[in-house]
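See structure below.
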Amino acid sequence: MTAAGTITVLCAVLGPVESTVVRRLGEAGAAVTVTRRCADLTELLAAAEAGSGRAAVVSATLPGLGREPVARLHQAGVRVIALDDAPEPSTERLGAIGVDAVARSVHELPAAVRDEHTRPPTAPDADLTRPRARTGRGRLIAVWGPVGAPGRTTTAIELSVALAEGPPAPDRTGPPRRSGRGSLRGRLSRAGRASRRARRGGPREQVVLADADTYGPSVAPRLGLLDDSAGLAGAVRAAAAGPLEVESLARHAPVTLPGVRVLGGIVRPARWAELSGAALDAVWDRSRDLADWVVVDTGPVLETDELLSYDTRAPQRNGATLGALAAADVVVVVGGGDPIGLHRLVRGLDDLAALPVPLTPDRLVVVNRVRAATVGDGPRGAVRTALARFAGVDPFLVPDDPAGLDAGLLTGRALSECAPGSPARTAFGDLADQVRRIVRERMSPRAEASPWVGIPNRRHA
Ligand SMILES: Nc1ncnc2c1ncn2[C@@H]1O[C@H](COP(=O)(O)OP(=O)(O)OP(=O)(O)O)[C@@H](O)[C@H]1O
Ligand SMILES: [Mg+2]
C-alpha cells in the first residue's frame with residue numbers, strides 16, 4: 001500500500017544505473033515510490049495498463065520506445081519521464097514521440113516526476129480520438145464508400161488531380177446552378193469549366209494522395225508504381241521512431257501525377273497493422289505541412305473491433321480508415337450508381353452516422369457510374385429521387401465513363417492525361433470545386449456558428 005499523496009512510479013531503466021534510479025526515487029522526501037521494476041517496454045506497458053503506476057521513468061534508449069507506446073502509456077493515465085544522460089541529448093526526438101519530461105541525470109529525476117505529477121493531466125486519448133487535426137495548412141479529405149468497388153480509388157485519384165489543378169478561373173457565365181445542369185446553359189457552363197481546366201497548364205496546388213485501404217490497396221498499382229516502395233507504411237514507421245520531417249515524408253511520397261505526391265498503400269492486406277495508431281495520425285498531421293490537400297483513399301469496412309472501441313490502444317483492423325475519417329475536414333462518401341450500390345450507400349451512410357468516432361459534419365455524397373442501363377431512363381433524376389427519399393441527401397453525380405476510365409487503367413494515368421474530354425473528369429472537377437467551397441465556407445468566421453452553413457448535400461438527421 002502506498003501513502004496518500006505518494007506518486008507511484010514504474011521504472012524501465014537499462015543497465016547498472018537502474019538500481020541507482022530506484023534508490024534515488026525511493027529516498028525519504030522524494031514523495032515517490034517505485035511500484036514496479038520492468039525489464040522491458042512490454043512489461044512496462046502491461047504494468048501501466050494494469051494501473052500499477054502513475055508515472056513511468058524510462059531510459060531514453062529503451063528499445064521500442066516510440067510514439068505508439070508513449071500514447072499507450074498516456075492512455076493508461078501514466079506520465080512518461082525519460083532519463084537521457086548521454087553526452088548528445090536526444091531531447092527533440094523524445095519530445096516528438098510524446099515524452100512528457102526529460103531528466104539529464106539521476107538526481108533530477110525525483111523533481112521531474114513531481115513536476116509532471118502536478119501538471120494538469122493530458123487528455124488520455126488526445127492522440128487518437130481528436131475529432132479533426134488542424135495543424136499545418138493542408139486540408140484532409142477522406143474518401144470512403146461501402147463494399148462493392150463503387151469507385152473510392154477512382155474518386156480519390158481524380159479528386160486529387162482536380163484539386164492540384166487549382167480553383168477554376170473566373171467564369172463570366174456566373175456560378176453553376178444546379179437547375180441549369182440539364183439545360184443548354186448548364187451544358188455550356190460545364191464545357192467551359194472543363195476547357196478552362198484544360199488550359200490552365202501545370203498544377204497550381206500541392207496534393208498528397210494516400211492509400212489507407214487495408215483491404216484492397218490499389219492506388220500504386222493503378223498508377224503504375226512499383227509495389228516495393230515503402231509509401232505510407234514507411235512514413236508511419238518513420239513517424240513511430242521520432243519526429244517526421246517534411247523532407248522525409250516527401251521521400252516516401254513520390255510525385256506521380258501533376259502536383260500529386262502518392263503515399264502508396266501496404267503490399268498485402270495481412271500487413272494491416274502497419275497502418276494504425278498515433279504514428280499514422282502523425283503522418284496525416286505532417287502531410288498537411290507538405291501539401292495544400294491530403295486526399296485519403298480508405299477501406300470499405302467501418303466496424304470497430306469487437307468489445308473494443310476506437311480509443312483503446314490495441315491496433316484495430318479498421319484503424320486506418322477510422323483514423324482518416326476522424327482526421328478529415330471533409331468526408332466524401334462514394335456509392336455505385338446501380339440498385340445494389342445505392343442500397344449499400346444508404347446503409348453505409350447510416351453506418352457512418354453510428355460510428356463511435358467524432359466525424360466532421362462536412363460530407364459530400366457521390367454517386368458514381370450513373371447510367372440508364374442500371375436505373376432506367378432519366379438516371380440522374382432517378383438516383384436523386386431515391387437518395388432524397390431513403391437517405392435525405394442530394395448527391396453529387398458522376399456519369400459512367402468506361403472509355404475514359406479504361407484508358408486510365410491501360411495507361412496508368414489520370415483522366416486529365418489520357419482522356420481530357422471525359423465526362424467523368426468534368427464531374428470530378430466539379431466535385432473538387434465543391435470541396436473547395438465547403439472548406440472556404442468552413443474557414444469563414446460566420447461558418448463556425450453553424451456546422452451546416454453552405455453545405456447543400458449533407459445527411460439530414
Ligand atoms: N465513372 C466511372 N465510369 C466507368 N468506370 C468507372 C468509373 N469509376 C470507376 N470505374 C471503374 O470501376 C472499377 C472500380 O473502381 P475503383 O477501383 O475506383 O473502386 P473502389 O471502390 O476503389 O474498389 P475497391 O473496393 O477494389 O477498392 C475500376 O475498374 C474503375 O476503372
Ligand atoms: Mg479502391
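The values are calculated or read from the model by the stated rules, or taken from the named source; none is laboratory data. Here the structure is a predicted model, which means the values were calculated and not measured. FYI the Cβ positions are ideal-geometry reconstructions off the backbone, even for glycines, and counts take in every protein chain you see. Note: areas computed on protein heavy atoms with side chains; ligands, DNA, RNA excluded. Shrake-Rupley method; radii C 1.70, N 1.55, O 1.52, S 1.80 Å.
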When P217 is evaluated against the numbered criteria (1) of a type outside the set (K, R); (2) within 12 Å of ligand 2 (Cβ to nearest atom); (3) at pLDDT below 50, which criterion, by number, is the only one it fails? (3)
Can you pull out every residue in the range 334-375 that is open to solvent by less than 30 Å² (accessible area, probe 1.4 Å) and free of Cβ contacts under 8 Å to residues at least 24 places away in the same chain? none
For the range 376-389, enumerate the residues that are away from ligand 1 (no atom under 14 Å from the Cβ) and touching a Pro at 6+ places or on another chain (Cβ under 7 Å). R384, L387
Return the residues of the range 267-288 that are in contact with a Leu (Cβ under 8 Å, 6 or more places away or on another chain) and open to solvent by 10 Å² or more (accessible area, probe 1.4 Å); say none if nothing qualifies. G277, D281, A282, R286
For the range 46-69, which residues satisfy the criterion of being without any contact (Cβ under 8 Å) to a residue 40 or more places away in the chain and within 16 Å of G242 (Cα to Cα)? P63, G64, L65, P69
Let me confirm something: among L41, L73, which residue is under 34 Å from the mean Cα position of the chain (by Cα) and surrounded by fewer than 22 Cβ atoms within 10 Å (Cβ to Cβ)? L41
Take the range 332-364 and flag every residue that is in a strand (DSSP E or B) and closer than 15 Å to P300 by Cα. V332, V333, V334, G335, G336
What do you reckon, is V57 over 38 Å from the mean Cα position of the chain (by Cα), under 18 Å from E108 (Cα atoms) and buried (at least 19 other Cβ atoms within 10 Å of the Cβ)? no
Restricting the range 390-415 to residues that are in contact with a strand residue (DSSP E or B) (Cβ under 8 Å, 6 or more places away or on another chain) and among the small types (G, A, S), the residue that is farthest from ligand 1 (Cβ to nearest atom): A391
So, A432, is that one open to solvent by less than 30 Å² (accessible area, probe 1.4 Å), outside any loop (DSSP other than H, G, I, E, B), at pLDDT below 95 and more than 16 Å from ligand 2 (Cβ to nearest atom) or not? no
